[in-house]
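**Student:** Take a look at this one; I'll ask things after.
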Amino acid sequence: MYPSLWIDRPDALEKLESAKIGEFAKSIARSLITTGVAVVRGAHDPEFCEAVIGDYQRYSVENGDYVRANLDSLGREKRLVNFHHWSDAALRIGTNSSILSALDFVFAHEASVYTSLMFKYGTQQPVHRDTPHFATWPRTYFTGVWTALERVSQDNGPLFYHPGAHRFRVSEAECFAKAMARLPDASNGDPMLLALDLYNGEIIRTVPTIADPVTLMMDTGDTAIWHPEMPHGRSLAKRQMATRWSIVFHCAPVSVQVHQHDAFFVHDKNVEPPPRYRYAEAYQRKIAEAGGVEFM
C-alpha cells in the first residue's frame, strides 16, 4: 500500500511550498490542507452545465417509468448514480483536465473518476463525512468534486461545511465495538448500520464545537473539492421544489480502490481489500466501471 496521503502529514504545508508545481494545483492542495475544502470559481463553461441538464431531461423522457418510480415524498427525483456513463457532457465535466491534474498532485498518483451523483434537487442532508462510504487503503485517498450546474442560493439549498473539522478523528473501530455490544445476536448487517449511525452521530455532535458552518453560494460552473474527512451537508432550501442542478464526482487514484461502509468498519486497516472494479478510459482519464446508471 501507499504511505499516508501527504496532505494529511504534519509537514504538508512545508512540502507544498517547495513543490515544483503550478499555483492552481498548489492553491487546491493548500485549501485541502488548511480548511478541507477548495473552491474553484468558473471551473466549467456554463454551456457544458446546460448540456448536462439537457441530457438528464432526455434521459428522463426515455426512462419515464423508471424516473416516476424513484420519487421522494415530495414527488422529486432522487439522486442519479453514474450519470456520466450516459451523458458525454457529464463525463466532460468529470474529466476536467485542470482539476484532475491538480488531484494528480494531491494524490501524488494518477487521479481517476470512481463514481458520480447527479442532483436535480438538493438533498438537505445533515452534516456527515464521506469516509465510511468511500473508504480507501490507506485512508483518505479520495476527494469529492461537486459542480453547480445552475446558480445555488438559499432558495435551492446550498452546501455547507465546517472548516478545519477534517482533522477531527472518529474511531470506526470503537463505533463498531459499541454496535456489536448493543446487538450481540443480530445479523452481520445490522451492527454495521448501527456503527454507521454512531459514527455519524459523533460527527453531528462534535463538529459544531470545532468551527461554525460556512455556506457555499455557487454560480453556474463553480466547483467545490473536499477532503473525504470534511464534515459537510446541504442547507434547508427556502423553496423545496426549486431545482438545484448539480453533479458530484468521486475521485481516487487509479491504483487505489474505493470501498464501502462494510469494509470501512471491519476490514483490516493494514491490508487492502480485494479489487472491486476495472477501468475504461475517456478523455485521457481512467473511469471506473463501478456500477451503472441508477437512482438512489
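The values are calculated or read from the model by the stated rules, or taken from the named source; none is laboratory data. This structure is a prediction, so every number in the text was calculated from the model and none was measured. Glycine also receives a Cβ, built like all others from the backbone with ideal geometry; neighbour counts cover every protein chain displayed.
**Student:** Being surrounded by 13 or more Cβ atoms within 10 Å (Cβ to Cβ) and in a loop (DSSP other than H, G, I, E, B) is the filter; apply it to segment 2-18 and report the residue that is modelled with the lowest pLDDT.
**Tutor:** Going through the qualifying residues, I end up with TYR2.
**Student:** Follow-up. Suppose we filter segment 185-222 for residues that are buried (at least 22 other Cβ atoms within 10 Å of the Cβ) and assigned to a strand (DSSP E or B); how many remain?
**Tutor:** Total meeting the criteria: 1.
**Student:** Return a yes/no flag: does segment 274-294 have any residue that is in contact with a helix residue (DSSP H, G or I) (Cβ under 7 Å, 6 or more places away or on another chain), crowded, with 17+ Cβ neighbours inside 10 Å and at pLDDT below 95.
**Tutor:** No, there is no match, as no residue in segment 274-294 is in contact with a helix residue (DSSP H, G or I) (Cβ under 7 Å, 6 or more places away or on another chain), crowded, with 17+ Cβ neighbours inside 10 Å and at pLDDT below 95.
**Student:** Quickly run through segment 257-296 and pick out the residues that are assigned to a loop (DSSP other than H, G, I, E, B) and acidic (Asp, Glu). Break it down into steps so the answer makes sense when it comes.
**Tutor:** First, the residues of segment 257-296 that are assigned to a loop (DSSP other than H, G, I, E, B): 257-258, 260, 267-278, 283-284, 289-293, 296.
Correct list: ASP268, GLU272, GLU289.
**Student:** Where in segment 56-169 are there helices (runs of 4 or more DSSP H), lying wholly inside it, with at least 3 residues that are at pLDDT 95 or above and within 16 Å of ILE287 (Cα to Cα)? Working first, answer last.
**Tutor:** Details: elements: 64-68, 88-94, 97-107.
Helices (runs of 4 or more DSSP H) meeting the threshold: 88-94, 97-107.
**Student:** Which pairs have Cβ atoms under 6 Å, sit 6 or more apart or on different chains, and link a residue in segment 90-106 that is over 16 Å from GLU23 (Cβ atoms) to one that is assigned to a helix (DSSP H, G or I) and of a type outside the set (A, V, I, L, M, F, W, C)?
**Tutor:** Going by the 6 Å Cβ cut-off, the qualifying pairs are ALA90/HIS84; LEU91/HIS84; GLY94/HIS84.
**Student:** Here are some conditions: (1) closer than 18 Å to ILE99 by Cα; (2) out of contact with any Leu (no Cβ under 7 Å at 6 or more places or on another chain); (3) aliphatic (A, V, I, L, M); (4) surrounded by 21 or more Cβ atoms within 10 Å (Cβ to Cβ). VAL254 meets all but one. Which one does it not meet?
**Tutor:** (4)
**Student:** Let me ask you something else. How about segment 78-93: which of its residues are of a type in the set (Lys, Arg) and more than 11 Å from SER116 (Cα to Cα)? Even if it seems obvious, please write down each step before you answer.
**Tutor:** Kept after step one, since they are of a type in the set (Lys, Arg), are these residues of segment 78-93: 78-79, 92.
Of everything in segment 78-93, those that are of a type in the set (Lys, Arg) and more than 11 Å from SER116 (Cα to Cα) turn out to be LYS78, ARG92.
**Student:** Would you mention how many residues in segment 212-250 are acidic (Asp, Glu) and in contact with a strand residue (DSSP E or B) (Cβ under 6 Å, 6 or more places away or on another chain)? Lay out the reasoning, then the answer.
**Tutor:** So the first thing to find is which residues in segment 212-250 are acidic (Asp, Glu), and the list is 212, 219, 222, 229.
Adding the requirement that they be in contact with a strand residue (DSSP E or B) (Cβ under 6 Å, 6 or more places away or on another chain) leaves 222.
Selection size over segment 212-250: 1.
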